[in-house]
Amino acid sequence: MSEVDFIAPTSPEQAARALLAGGATARPLGGGTDLLVQLRSGRLPPGLIVDIKRIPEAIGIRQEAGGFVIGAATPGITLSEHAALGQAWPGVVEGANLIGSTQVQGRASMAGNLCNASPAADSVPALVAARATCLIVGPEGRRTAPVESIAVAPGRTSLAPGEFVLEILLPPRPARSADAYLRMIPRTEMDIAVVGAGVNLTLDANGVISDAHVALGAVGPTVILATEAAAAIIGSKLDDEALARLDAAARAVCRPISDKRGTSEFRTKIAGVLARRAAVIAYGRAEKTA
Amino acid sequence: MSKRQHISAVVNGDPVEFLTDPRATLLDALRDDLGLTGSKEGCGSGDCGACSVILDGRLVCSCLVLAVEAEGRRVETIEGLADGSKLHPLQQKFLEHAALQCGFCTPGLLVAAKALLDANPNPTESEARYWLAGNLCRCTGYDKIIRAVMDAAAELRQETV
């Protein structure tokens, strides 16, 4: 039999102490759709499993201080059922809901997707474009960090021993704002992104883009916050010239690998296309909120 | 050595208790400890849906749930679908439409289809196909399954009118 042990604490501080004491093989458990696969395949050696789902803050969606707080273990299906979240952050919700099957949606969380640190994580580009932050609990207390600072390499995070993500925080939304996420897969369901693109933007009263953020997935070791791509559309009404600049700037920051799912050249080209298309969708949604 | 844990849960409406290793999955516990062998292990990695159960009202793969996570939870499996010897309309329609051949995926598909009709009694064919995308069948080509689900949905709607 295995050496795995399991606890389900009810406070974040208990969880952090247990994770620290459990050492290098201790893992927090949210939905388990990555963790259990890794344990069962032998990729992750047996250790302590700390189920965070009995911690009240780790479950559910709360509207606080004009923004949204999403518990780390909140399953994807809960996001799709929350009307106000879908209204404010349709791109964040559509990114999370692209992950896996209905069964996986019943368990898988955005924070788990983030901390699994896959470059192709579908929920991460839209969160990065949303300028979302994480509330991290650890042995030294609590801290917040931008979503893009969590993954540092494929499968590796910046979390210190004993630290785990308790909540994801989406900031307050200015008027005439919207986001969108698109991914490319060679089939319609149940696949891993070849490229993903999230765009989040705000329009002024005249329909000119006053703020924008663009994030690209699966075109580098971690999700890329494409600052120049966002700058390429700020001040525009997303005319053809602005879209061409966005496409070029998105392609310029890509540094993908070539693998069985796509060559580096293909991924780079698609990143420009998806950034353009996601921007058009986000722009249309932002106009409708006015 | 890992410590076996004592778990109390409700399965198909009945209170159950079992002892389980912390590494065991809910699927292991259902099959090996509770003798409910309707749920199948296909892939063991959440790709095939043969182990689908409803956990606290959510459709999940029981191969991706630890048995210890079931403490205090409600689990619905394929064994709870029929009402005694009376088949659920989904089961009856699967038979009528010949929506199975080898039958290995069938329990998972029936549980997933029940979760669909609980959430959405009047799905479009497209909605049904997306909902069931996580249930793999290598025999039927899916068309008969979708026909059976749509037919069962229609029958269930008429009953409740």
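Would you mention how many residues in the range A:80-103 are within 13 Å of another protein chain (Cβ to nearest Cβ) and not small (Gly, Ala, Ser)? I'd like the intermediate steps shown before the answer.
Looking only at the range A:80-103, we keep the residues that are within 13 Å of another protein chain (Cβ to nearest Cβ), and these are A:80-81, A:97-103.
Subset that is not small (Gly, Ala, Ser): A:81, A:97-99, A:102-103.
Qualifying residue count for the region: 6.
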Within the range B:17-50, restricting to residues that are of a type in the set (Val, Ile, Thr) and surrounded by 18 or more Cβ atoms within 10 Å (Cβ to Cβ), the one that is nearest to the other protein chains (Cβ to nearest Cβ) is B:Thr25
Within the range A:26-72, the residues that are more than 9 Å from chain B (Cβ to nearest Cβ), without any contact (Cβ under 8 Å) to a residue 24 or more places away in the chain and under 20 Å from A:Ile99 (Cβ atoms) are A:Arg27, A:Gln38, A:Arg43, A:Leu44, A:Ile59, A:Gly60
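Can you tell which of B:Val111, B:Val53, B:Val68, B:Val60 is closer than 21 Å to A:Met190 by Cα, in a helix (DSSP H, G or I), within 14 Å of chain A (Cβ to nearest Cβ) and not hydroxyl-bearing (Ser, Thr, Tyr)? Show your work before the answer.
Details: B:Val53 fails: in a helix (DSSP H, G or I); B:Val68 fails: closer than 21 Å to A:Met190 by Cα; B:Val60 fails: in a helix (DSSP H, G or I).
B:Val111 is the lone residue from the list that is closer than 21 Å to A:Met190 by Cα, in a helix (DSSP H, G or I), within 14 Å of chain A (Cβ to nearest Cβ) and not hydroxyl-bearing (Ser, Thr, Tyr).
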- Message: When you scan the range A:64-75, do you find a residue that is over 21 Å from A:Gly162 (Cβ atoms), surrounded by 24 or more Cβ atoms within 10 Å (Cβ to Cβ) and among the hydrophobic types (A, V, I, L, M, F, W, C), even just one?
- Response: yes
Going through the range A:2-17 in order, the residues found to be buried (at least 20 other Cβ atoms within 10 Å of the Cβ) and either within 13 Å of A:Val137 (Cα to Cα) or more than 9 Å from chain B (Cβ to nearest Cβ) (or both) are A:Pro12, A:Ala15, A:Ala16
Just a yes or no: is a residue in the range B:53-70 among the polar types (S, T, N, Q), buried (at least 20 other Cβ atoms within 10 Å of the Cβ) and outside the structural domain of B:Asp151 (by TED's automatic domain parsing)?
-> yes
For the range A:256-273, pairs from a residue that is basic (Lys, Arg) to a residue that is crowded, with 21+ Cβ neighbours inside 10 Å, with Cβ under 6 Å and 6 or more apart or across chains, are A:Arg261/A:Val194; A:Arg267/A:Val195; A:Arg267/A:Val219; A:Arg267/A:Pro256
Scanning the range B:45-95 residue by residue, those touching an Asp or Glu at 6+ places or on another chain (Cβ under 8 Å) and of a type in the set (Asp, Glu) turn out to be B:Glu69
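Just give me the residues in the range A:173-194 being farther than 19 Å from A:Gly100 by Cβ and in contact with a helix residue (DSSP H, G or I) (Cβ under 9 Å, 6 or more places away or on another chain), in sequence order.
Applying the first criterion (farther than 19 Å from A:Gly100 by Cβ) to the range A:173-194 yields A:173-180.
A:Arg173, A:Ala175, A:Arg176, A:Ser177, A:Ala178, A:Asp179, A:Ala180, listed by residue number.
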Pairs returned, first residue in the range A:161-174 that is more than 15 Å from A:Ala73 (Cα to Cα), second residue that is part of a loop (DSSP other than H, G, I, E, B) and not charged (D, E, K, R), beta-carbon separation under 6 angstrom, 6 or more apart or interchain, are A:Gly162/A:Pro139; A:Leu170/A:Trp89; A:Leu170/A:Ala130; A:Leu170/A:Ala132; A:Pro172/A:Gly66
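Listed residues A:Ala278, A:Ala271; which is under 17 Å from A:Leu98 (Cβ atoms), assigned to a helix (DSSP H, G or I) and either in contact with a Phe, Trp or Tyr (Cβ under 9 Å, 6 or more places away or on another chain) or not hydrophobic (A, V, I, L, M, F, W, C) (or both)? Walk me through it before giving the result.
Details: A:Ala271 fails: either in contact with a Phe, Trp or Tyr (Cβ under 9 Å, 6 or more places away or on another chain) or not hydrophobic (A, V, I, L, M, F, W, C) (or both).
Going through A:Ala278, A:Ala271 in turn, just one is under 17 Å from A:Leu98 (Cβ atoms), assigned to a helix (DSSP H, G or I) and either in contact with a Phe, Trp or Tyr (Cβ under 9 Å, 6 or more places away or on another chain) or not hydrophobic (A, V, I, L, M, F, W, C) (or both): A:Ala278.
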Looking across the range B:1-16 at residues that are within 12 Å of another protein chain (Cβ to nearest Cβ) and of a type in the set (A, V, I, L, M), the single one that is farthest from B:Leu66 (Cα to Cα) is B:Met1
Here, strands (runs of 3 or more DSSP E) confined to the range A:149-199 with at least 1 residues that are outside the structural domain of A:Arg276 (by TED's automatic domain parsing) and under 18 Å from A:Arg255 (Cα atoms) are A:151-153
Considering the range B:132-158, residues that are under 22 Å from B:Gly44 (Cβ atoms) and in a helix (DSSP H, G or I), and then whichever is farthest from the other protein chains (Cβ to nearest Cβ), we arrive at B:Leu132
>> I'd like to know if the range A:131-139 contains one or more residues that are of a type outside the set (Lys, Arg) and assigned to a helix (DSSP H, G or I).
In response: no
Residue under question is B:Ser45, and the condition is that it be touching a residue at least 40 places away in the same chain (Cβ under 8 Å), among the polar types (S, T, N, Q) and in the same structural domain as B:Pro22 (by TED's automatic domain parsing); does it hold?
no
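Would you point out which residue out of A:Arg143, A:Arg131, A:Arg156 is surrounded by fewer than 14 Cβ atoms within 10 Å (Cβ to Cβ) and in contact with a strand residue (DSSP E or B) (Cβ under 9 Å, 6 or more places away or on another chain)? Quick ask: steps written out before the conclusion?
Values: A:Arg131 fails: surrounded by fewer than 14 Cβ atoms within 10 Å (Cβ to Cβ); A:Arg156 fails: in contact with a strand residue (DSSP E or B) (Cβ under 9 Å, 6 or more places away or on another chain).
Only one candidate passes the filter, namely A:Arg143.
The values are calculated or read from the model by the stated rules, or taken from the named source; none is laboratory data. What you are looking at is a predicted structure, and each value in this text was computed from that prediction instead of being measured. Every residue, glycine as well, gets a Cβ built from its backbone with ideal geometry; the counts of neighbours run over all protein chains shown.
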